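The values are calculated or read from the model by the stated rules, or taken from the named source; none is laboratory data. Being a predicted model, the structure only gives us computed values, none of them experimental. Heads up, the Cβs are rebuilt from the backbone with ideal geometry, glycines too, and the neighbour counts pull from every protein chain shown. To get the accessible areas, we keep the full protein, side chains included, count just its heavy atoms, and leave off ligands, DNA and RNA. Shrake-Rupley method; radii C 1.70, N 1.55, O 1.52, S 1.80 Å.
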Amino acid sequence: MTKVISFISRKGGTGKTTNAINLASMLNNLGHQVALIETDTNYTLNTLRKMEVYKSGAKEEALFQILGSDDDRIAEELIKMKDQNKYDYIIVDSAGKTTDEGIKKLCLQSDGVIVPTSLTQNDLLVSYQTVEDLSPATELNEKLKIMVLPNRIHSLTGSKTIMDALSNLNAHILEVMVPQRNTFVNFSTIMAEKQYLEIAKEIIKQLN
């Protein structure tokens with residue numbers, strides 16, 4: 001059965017795209033059938049994929065799909081894709097300015113929603129508001145799991161410090177973190193970053 005994992009935040013720059021592509025690449029590397037959908041109408045990941053294919057000579061048909069959508073279409077497209085049962089996982093990279101209606105529709109079709117956040121005051125405030133906006137969807141979609149992913153965390157930051165900073169968020173705090181490293185920021189749509197394996201495993205575990 002196809003699982004839909006959506007990355008949602010009320011602002012750009014929190015790590016939605018970075019983590020969506022790292023998760024999609026890792027799941028693909030593990031042998032799963034994966035599709036990645038971006039709802040930002042600039043479709044930057046499609047452009048990146050074309051550049052990588054051109055430079056590397058990789059065969060695009062052998063890679064996981066990257067598709068474009070928007071607020072108005074994503075929910076209906078997810079329904080059709082799930083009915084086809086072609087994919088193990090569909091990863092959605094939502095736009096930073098997703099509408100309230102768009103968030104609601106996306107949550108109703110998702111198995112998991114991931115809110116990535118750093119520990120800066122601004123990101124924490126945005127994450128708090130995002131989680132509050134998402135919470136009503138759990139009443140309509142009982143299988144929906146809202147998860148907060150600590151992102152861009154200094155390697156010397158302890159787990160207690162992370163949990164204390166995120167304790168006001170009414171969501172499941174993932175017991176992994178994305179370190180503040182260039183390897184995660186300079187992502188590839190072809191090659192999986194091996195250090196993302198434990199993060200991917202933890203996300204998938206929460207949906208089973």
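Remarks
- As a fraction of the 1.4 Å probe accessible area of the chain, surface on carbon and sulfur atoms comes out at 49 percent.
- Largest-first principal axis extents, alpha carbons of the range 7-127, Å: 43, 32, 26
- The local environment of residue 118, defined by Cβ-Cβ distances under 15 Å, has a net charge of +3 under the rule Lys, Arg +1 and Asp, Glu -1.
- The range 33-108: chymotrypsin sites (Phe, Trp or Tyr not before Pro) in DSSP loop, at most 16 other beta carbons within 10 Å: 43
- Computed over protein heavy atoms with a 1.4 Å probe, the accessible surface of the chain works out to 51 Å² per residue.
- Span from the the range 26-77 Cα centroid across to the the range 151-197 one, whole angstrom: 23
- Value of D in µm² per second that Stokes-Einstein yields for the range 142-208, Kirkwood Rh from Cα pairs, at 4 °C (1.567 mPa s): 98
- Label separation (residue 170 vs residue 60): 4.5 nm, computed from points 7 Å beyond Cα along the C-beta direction.
- Taking each of 97/160; 82/104; 50/80 in turn, the alpha-carbon distance tops 23 angstrom for 97/160; 50/80.
- Straightening the chain between residue 159 and residue 207 buys 15.1 nm, computed as 0.36 nm per residue apart minus the Cα-Cα spacing.
- Summing charges over all other residues whose Cβ lies under 13 Å from the Cβ of residue 53, with Lys and Arg as +1 and Asp and Glu as -1, gives +1.
- Placing +1 on the Cβ of every Lys and Arg and -1 on the Cβ of every Asp and Glu, with nothing else charged, gives the chain a dipole about its Cα centre of roughly 540 debye.
- Each residue of the range 129-179 gets 76 Å³ once the volume of the Cα convex hull is shared out per residue.
- Rh (Kirkwood; distinct C-alpha pairs) - the chain, Å: 17.1
- The GNM of the chain, with springs linking C-alpha atoms under 10 angstrom apart, assigns the highest mean-square fluctuation among 143, 59, 50 to 59.
- Simple rule: put +1 on each Lys or Arg Cβ and -1 on each Asp or Glu Cβ in the chain, find the dipole, and look at 98, 25, 35; the Cα lying farthest toward the positive end is 25.
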